[in-house]
Amino acid sequence: MRIVVAALQMEAEPSRVVANLERADAMLGALRGSGAVLAALPEMFNTGHALLSDYGPLAEGVDGPTLRHLSRRSRQWRMAIAAGFVERDGPDLHDALALCLPDGAVHVYRKRRLVFWERFRFQPGRSPLIVATPWGRVGLAICADMIQQRVWDDYRGRIDVALVAAAWPEFACRHSGRRHWLFGPLGPMAASIPAKVARDLEVPILFANQCGAAETTIPVLGLLVAERIADRFAGRSVIRDGLRSPAVVAGTEAEVLLSEITVPEARGRPSCRSTYPPVLAASSSGSDWSGPI
């Protein structure tokens, strides 16, 4: 089965949830008529990915305005939409990835490999998440999860499409271009790791990364001593059709990356237990967001 998928590479301004959601909505709207059945937004696309003092006011549950709006768009445009956000679960916050399906179900995955300052802001996820769709089983991951072998071992032989949302930086000064002395080689890996995952698991992969300016903070001694880089996000979002064709790779600026992938026929199966059970979002008249329709 051939399907059309899209990686939405966008800039997300820290704390500007409404503006970021409007930007994402415009990019999603551009996909109408493209035939895309699955679109992925980056990690924490609505809040931005930066060392904020408190993500609590920006955190949402599946009933929050961001996911209600995206779920409405998913139903309206018959397109599954994956989007990174900060999830609130009681007193805990999670770096999370939601997959909104056209039938109204919303599944949420929590990032398992937290890095740098994320470890001081969020609680790690504990479980994989496989979501059954009409065109195959989707396994979800977030950014640094990509470099943890256990994450992909959990999905090996059990998924038809891998989907990764990321806020992967260049680890280089955006003014001088000088790479960080230790983490600099990781920047270009934003594009190469997804392709390796596709080859290893022999499934297509959809990788949506942020772009634009970043302030990368690398803790040295907790957060008491930290190194800050006037960085930028790496971009280079990827769609790779397994072993069948070369990867389609974005540049470093905002871009809607669109491509076909091949998934086996009739492979959808029941999903793993989500961190939330599937939730039917509010009706299309129930969105709290006042952005363009």
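Provide a single number: the residues in the stretch 49-77 that are free of Cβ contacts under 8 Å to residues at least 60 places away in the same chain, of a type in the set (Gly, Ala, Ser) and either surrounded by 24 or more Cβ atoms within 10 Å (Cβ to Cβ) or not in a loop (DSSP other than H, G, I, E, B) (or both). Matching residues across the stretch 49-77 total 2. Taking only the stretch 6-24 into account, find how many residues are out of contact with any Gly (no Cβ under 8 Å at 6 or more places or on another chain) and among the basic types (Lys, Arg). Qualifying residue count for the region: 1. The residue pairs whose first member lies in the stretch 250-274 and is under 10 Å from Gly136 (Cα atoms) and charged (D, E, K, R), whose second member is modelled with pLDDT of 50 or more and surrounded by 13 or more Cβ atoms within 10 Å (Cβ to Cβ), and whose beta carbons are closer than 7 Å, counting only pairs six or more residues apart or on different chains, are Glu265/Met1; Arg267/Gly136; Arg267/Arg137; Arg267/Asp160; Arg269/Ala132; Arg269/Arg137. For the stretch 173-197, the set of residues classified as among the small types (Gly, Ala, Ser) and either surrounded by 24 or more Cβ atoms within 10 Å (Cβ to Cβ) or in contact (Cβ under 8 Å) with a residue 60 or more places away in the chain (or both) consists of Ala190 only. The residues of the stretch 125-147 that are in contact with a helix residue (DSSP H, G or I) (Cβ under 8 Å, 6 or more places away or on another chain) and either surrounded by 24 or more Cβ atoms within 10 Å (Cβ to Cβ) or assigned to a helix (DSSP H, G or I) (or both), listed by number, are Gly139, Ala141, Asp145, Met146, Ile147.
The values are calculated or read from the model by the stated rules, or taken from the named source; none is laboratory data. What you see is a predicted model; the values in this text were computed from it and never measured. Positions of Cβ are generated from backbone atoms using ideal geometry, with glycine treated the same way; all protein chains shown enter the neighbour counts.
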